[in-house]
């Protein structure tokens, strides 16, 4: 059974797997996919077309899937795919791909 803290926001359309934990003040956008057993600590933001694989753990104040910082990015649909059992530590920023990289950023399993 998944647990979502009462202060967290999970937008309509987000896909949440089994046994997911979403901590206080975290926000999950409408196009996000959280695999089974994902744990978002407090103050995590997951946006865009982002997929977090099973059993990923994201620590406080991480920004995952927001628009790339590349000045050539013009709002095209792009993706961020994070493999299974990956840990994203505090304050990390992970962005989706841009045209030069095939519109996709991929991080493997167990990173």
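Where a number appears in this text, it was derived from the coordinates with a stated rule and is not lab data. Predicted model only: the values in this text are computed from it and were never measured. Here the Cβ is made from the backbone with ideal geometry for all residues, glycine too, and neighbour counts use every protein chain on show.
In µm²/s, what is D for the chain at 25 °C and 0.890 mPa s, where D = kT/(6 pi eta Rh) by Stokes-Einstein and Rh is the Kirkwood radius from Cα pairs?
181
Compute the FRET efficiency between residue 76 and residue 12 as 1/(1 + (r/R0)^6), taking r as their Cβ-Cβ distance and R0 = 25 Å, and round to the nearest 0.05.
Efficiency, rounded to the nearest 0.05: 0.60.
Determine the gain in length on full extension of the stretch residue 25-residue 42; use 0.36 nm per residue of separation and subtract their C-alpha separation, reporting nm with one decimal.
5.5 nm
What ranking of 38, 46 emerges when the number of other C-beta atoms within 10 Å of each C-beta is taken as an exposure proxy, fewest first?
Least to most surrounded, the residues fall as 38, 46.
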